[in-house]
Structure formats: structure tokens, C-alpha cells
Amino acid sequence: MARLLVTGGAGFIGSNFVHHVIENTDDHVTVLDKLTYAGNRASLAGLPEDRLTFVQGDIADAALVDELFAGVDSVVHYAAESHNDNSLHDPRPFLDTNIIGTYTLLEAARKHDRRLHHISTDEVYGDLELDDPAKFTESTPYNPSSPYSSTKAGSDLLVRAWVRSFGVRATISNCSNNYGPYQHVEKFIPRQITNVLRGIRPKLYGKGENVRDWIHADDHSSAVLTILDRGSIGETYLIGADGEKDNKTVVELILQLMGEPADAYDHVTDRAGHDLRYAIDSTRLRTELGWEPRFRDFEAGLAATIDWYRSNEDWWAPAKDGVEAFYASKGQ
Ligand code: NAD
Ligand code: DAU
């Protein structure tokens with residue numbers, strides 16, 4: 001049995017990973033989460049008390065982080081400010097958490113010689129043209145566009161520097177867009193599903209041509225556990241499941257699956273600096289570590305996600321009005 005610390009374990013992907021670890025290993029998990037607007041303790045409900053310890057706190061709190069690192073074997077670092085639109089409105093928390101928070105964890109990993117896996121995003125590579133046959137690989141140069149993605153790029157570079165300069169035993173993964181249950185209603189797919197459930201028309205930024213490479217959060221979790229177990233120290237692995245779709249197609253599919261006319265949505269003000277297309281080549285993870293995604297049918301995964309939001313209004317309703325008021329103030 002290993003003792004694992006998971007930062008950001010009350011967020012969308014972090015909580016999925018905690019469920020995945022408890023279902024698939026004998027490990028004990030300690031979650032460190034600040035419970036910002038994006039964190040929700042209810043996302044960890046029902047897990048066995050003897051397998052999970054929850055600590056509310058900030059990853060930039062060096063004394064707390066030091067104490068927690070002393071009591072674990074490995075750390076998986078999900079905690080972040082994660083939403084591009086928020087980073088365009090108020091970048092400061094992104095610097096505090098994504099840069100200083102990651103630095104704080106790296107210093108503790110160095111002091112206690114703990115294995116660290118850093119969760120990052122494909123957005124560090126910038127974007128691709130719609131008609132470009134290329135996909136991102138581990139050797140694509142960094143070229144982030146938004147305050148969010150630039151702070152994630154900065155955090156990745158800190159990890160690489162702490163590996164090389166101080167011998168910290170770390171790995172990095174850069175994943176594409178996740179979907180599934182427990183995702184905050186500020187994000188594209190849950191926003192549109194809950195809009196339809198509330199009788200609000202879905203909102204598509206600009207022309208809706210932008211492409212995202214969708215992966216189910218469960219597949220992201222299985223990939224992270226694989227890298228934690230078998231990844232080579234100091235290396236980066238891209239995580240993706242060949243799920244490229246343009247936003248218009250996704251909105252139309254949501255409407256169709258929810259029994260609404262496929263054109264019952266509005267075009268709204270585009271995101272500033274909106275990345276055009278992301279696409280992941282995950283050959284390295286598949287060939288070197290033998291990982292494969294399980295969710296290959298996007299329509300089936302989306303239908304299950306819609307069912308989850310339909311059945312779990314108590315989980316998402318408290319955030320919905322505030323999120324829509326924020327978007328309305330931006331013409332979105
Ligand atoms: P999220 O916003 O749903 O969750 C973030 C969690 O971190 C929340 O529980 C929040 O309370 C916690 N947190 C924020 N600041 C903190 C701090 N200072 N100290 C402690 N906890 C703090 O985010 P998510 O979508 O689950 O993303 C998790 C990670 O995965 C992020 O690092 C993100 O960059 C990365 N990622 C996300 C996606 C995606 O599609 N959502 C894709 C690739 C990578
Ligand atoms: O690629 C990985 C990244 O995916 C992660 O690093 C981020 O944490 C995560 O939030 C996500 O970033 P995106 O900006 O791609 O996700 P978002 O859900 O905000 O938007 C997805 C696409 O949908 C994007 O092209 C913008 C568009 N969009 C978004 C919203 C909220 C709309 O058209 N309408 C909307 O209402």
C-alpha cells in the first residue's frame with residue numbers, strides 16, 4: 001500500500017482520479033484542496049473513510065505542504081486555476097496557484113525526496129491550424145496563448161528545472177480536453193447541457209469552428225496512474241484519445257441527444273485570443289507504457305454525461321446562476 005497526496009482532488013479531474021485510485025489500488029489518498037469556487041467536497045462523497053483523508057488548504061502554504069509531504073510516498077499535482085475565460089478577466093490567482101503553488105510543491109518534493117507527477121495541459125503548445133495534419137507531440141515547442149496556459153507552461157518549466165538542477169523525481173503529462181461527470185458548469189460541455197436543462201439556449205463562441213480533442217476523464221485518470229507506476233523520471237507524456245471535434249458539432253450533438261432542434265443555439269462574442277485547434281499524438285504513452293483509452297465512443301460518453309447532469313442538479317445548481325451572470329456581463 002502506498003500513501004498518495006493528490007492536490008486539487010476536489011476538482012473535476014482530481015476527484016475522478018481519487019475515485020480511480022481507490023477503486024483500482026490499495027493506496028491511501030490524502031487530498032489537499034483549497035476548495036475554491038471550483039472545488040466541491042461532494043465530488044468525493046461515498047469514498048471509504050479509512051482510505052481517504054481530506055485536508056482543506058492552499059498548495060502555496062509552505063508549512064502545510066511540508067507537513068503533508070513528510071507523511072506520503074508520492075504526490076499527484078492537479079490543483080490549479082483551470083479556466084481560460086477567468087484568466088482573461090483576472091489573471092492574478094493563476095500566477096499564485098499555478099506558478100507559486102507548483103514552486104512550493106517542488107521545494108517540498110526536493111526536501112523530502114518525494115516522487116511527483118505534475119498534471120498539465122496541451123494548451124502549453126499553443127494552437128494548430130484547422131487544416132494542419134500535424135498533432136502535438138512531446139517535442140512540440142511551447143507557445144501558450146492565454147494567462148491560464150502561460151502559467152501552466154511556466155509550471156511545467158519549473159518542474160523540468162527542478163528535475164535537472166535538483167534531481168527531483170518528477171514526471172509531467174499534458175492532456176487534451178476532458179469531459180465527464182463532476183465538471184464545473186463554467187466549462188463548455190456542462191454549460192451547454194445545464195443551459196438546455198434550464199431552458200436557456202446553448203452559447204457558441206464565434207463561428208464554433210474551433211476544434212478540441214476530447215477525452216473522457218476516466219481515461220485521463222488511467223493514463224496518470226500508468227505514468228505514476230511506470231513513467232521514466234524527468235519525462236513528459238502526452239495524453240489524448242483521438243477525439244477531435246469542432247465546437248459546433250459538439251453543441252449540435254448535445255441538442256440532438258437532449259431532444260432539441262440541432263440549431264437551437266446562439267452565436268456569442270468570441271473568446272479573446274481563442275486557440276483554434278488542439279490535437280494530441282499520444283503514441284509515446286501507448287507504445288512505451290502500453291496505455292490505451294477505454295472510452296472510444298464520444299456520443300455514448302456524452303449521453304452518459306448528460307444523464308449525470310440530469311440526475312445531479314443538487315451538485316451543479318448552486319453555481320449555475322453566478323456563472324451565467326458572469327458570462328452575460330461579457331456578452332457570452
Ligand atoms: P478544476 O478547476 O475543476 O479543479 C481545480 C481544483 O484545484 C479545485 O478543487 C480547486 O479547489 C483546487 N485548487 C485551486 N487552487 C488551489 C490552491 N491554491 N491550493 C489547493 N487547491 C486548489 O480543474 P480541472 O479541470 O479538474 O483541472 C485539474 C488539472 O488538470 C489542472 O492542473 C488543469 O490544468 C489540468 N488539465 C485540465 C484539463 C481539462 O480539460 N479540464 C485538461 C488537461 C489538463
Ligand atoms: O485543452 C485542455 C484544456 O481544456 C484545459 O487545460 C483547461 O483547463 C480546460 O478548461 C479546457 O480548456 P478550453 O478553453 O478548451 O475549455 P472550455 O470548456 O472553456 O472551452 C472549450 C471550447 O468551447 C473552447 O473552444 C471555447 C468554447 N466555448 C466555451 C464556452 C464556456 C464555447 O463555444 N461556449 C462556451 O460557453
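Keeping to the range 180-217, report how many residues are within 18 Å of LEU257 (Cα to Cα) and within 9 Å of ligand 2 (Cβ to nearest atom).
Let us first name the residues in the range 180-217 that are within 18 Å of LEU257 (Cα to Cα), namely 180-181, 188-204, 214, 216.
Subsequent filtering for residues that are within 9 Å of ligand 2 (Cβ to nearest atom) retains 188-192, 195, 202-204.
The total comes to 9.
Go through the range 48-62 and count every residue that is open to solvent by less than 70 Å² (accessible area, probe 1.4 Å) and either closer than 19 Å to VAL18 by Cβ or in contact with a Phe, Trp or Tyr (Cβ under 7 Å, 6 or more places away or on another chain) (or both). Give the steps one after another, and end with the answer.
Within the range 48-62, the subset open to solvent by less than 70 Å² (accessible area, probe 1.4 Å) is 48, 51-55, 57-62.
Those still in the list that are either closer than 19 Å to VAL18 by Cβ or in contact with a Phe, Trp or Tyr (Cβ under 7 Å, 6 or more places away or on another chain) (or both) too: 48, 51-55, 57-59.
Qualifying residue count, the range 48-62: 9.
Quick check: anything in the range 197-217 in contact (Cβ under 8 Å) with a residue 60 or more places away in the chain, outside any strand (DSSP E or B) and within 18 Å of the chain's Cα centre (by Cα)?
yes
Please work out if SER149 is within 27 Å of GLN332 (Cβ to Cβ), crowded, with 16+ Cβ neighbours inside 10 Å and more than 13 Å from ligand 1 (Cβ to nearest atom). Steps first, answer last, please.
On the way: within 27 Å of GLN332 (Cβ to Cβ): yes; crowded, with 16+ Cβ neighbours inside 10 Å: yes; more than 13 Å from ligand 1 (Cβ to nearest atom): no.
Spelling it out, it is not the case that SER149 is within 27 Å of GLN332 (Cβ to Cβ), crowded, with 16+ Cβ neighbours inside 10 Å and more than 13 Å from ligand 1 (Cβ to nearest atom).
Report yes if SER87 is within 15 Å of ligand 2 (Cβ to nearest atom) and modelled with pLDDT of 95 or more, otherwise no. Walk me through how you get there before you give the answer.
Working: within 15 Å of ligand 2 (Cβ to nearest atom): yes; modelled with pLDDT of 95 or more: yes.
So SER87 passes the test.
Out of VAL65, VAL75, I need the residue that is more than 16 Å from ligand 2 (Cβ to nearest atom), touching a residue at least 24 places away in the same chain (Cβ under 8 Å) and out of contact with any Phe, Trp or Tyr (no Cβ under 8 Å at 6 or more places or on another chain). Which one? Step through it out loud before you land on a result.
Details: VAL75 fails: out of contact with any Phe, Trp or Tyr (no Cβ under 8 Å at 6 or more places or on another chain).
So the residue among VAL65, VAL75 that is more than 16 Å from ligand 2 (Cβ to nearest atom), touching a residue at least 24 places away in the same chain (Cβ under 8 Å) and out of contact with any Phe, Trp or Tyr (no Cβ under 8 Å at 6 or more places or on another chain) is VAL65.
Among the residues of the range 117-126, is any surrounded by 18 or more Cβ atoms within 10 Å (Cβ to Cβ), within 16 Å of ligand 2 (Cβ to nearest atom) and in a loop (DSSP other than H, G, I, E, B)?
For the range 117-126, residues surrounded by 18 or more Cβ atoms within 10 Å (Cβ to Cβ), within 16 Å of ligand 2 (Cβ to nearest atom) and in a loop (DSSP other than H, G, I, E, B): present.
Looking at the range 13-46 only, could you name the residues that are open to solvent by 30 Å² or more (accessible area, probe 1.4 Å), touching a residue at least 40 places away in the same chain (Cβ under 8 Å) and among the hydrophobic types (A, V, I, L, M, F, W, C)?
ILE13, ALA38, ALA42
Which numbered condition in (1) touching a residue at least 12 places away in the same chain (Cβ under 8 Å); (2) among the charged types (D, E, K, R); (3) within 14 Å of ligand 1 (Cβ to nearest atom) is the only one that ARG92 fails?
Going through the list (1) touching a residue at least 12 places away in the same chain (Cβ under 8 Å); (2) among the charged types (D, E, K, R); (3) within 14 Å of ligand 1 (Cβ to nearest atom), ARG92 breaks only (1).
When you scan the range 1-86 for strands (runs of 3 or more DSSP E) that lie fully inside it, which ones turn up with 1 or more residues that are among the hydrophobic types (A, V, I, L, M, F, W, C) and over 17 Å from the mean Cα position of the chain (by Cα)?
Of the strands (runs of 3 or more DSSP E) lying wholly inside the range 1-86, those with at least 1 residues that are among the hydrophobic types (A, V, I, L, M, F, W, C) and over 17 Å from the mean Cα position of the chain (by Cα) span 3-7, 28-33, 52-56.
Considering (1) free of Cβ contacts under 8 Å to residues at least 24 places away in the same chain; (2) part of a loop (DSSP other than H, G, I, E, B); (3) more than 12 Å from ligand 1 (Cβ to nearest atom), say which one PRO144 fails and leave the rest.
(3)
Can you confirm whether ASN195 is at pLDDT 95 or above and away from ligand 1 (no atom under 16 Å from the Cβ)? Walk me through how you get there before you give the answer.
Details: at pLDDT 95 or above: yes; away from ligand 1 (no atom under 16 Å from the Cβ): yes.
So ASN195 fits the description; yes.
The values are calculated or read from the model by the stated rules, or taken from the named source; none is laboratory data. Owing to the predicted nature of the structure, the values given are computational and were not obtained by experimental measurement. In this analysis, Cβ positions are derived from the backbone assuming ideal geometry, glycine residues included, and neighbour counts consider all displayed protein chains. Quick note on the areas: whole protein, heavy atoms, side chains included, nothing else; ligands and nucleic acids left out. Shrake-Rupley method; radii C 1.70, N 1.55, O 1.52, S 1.80 Å.
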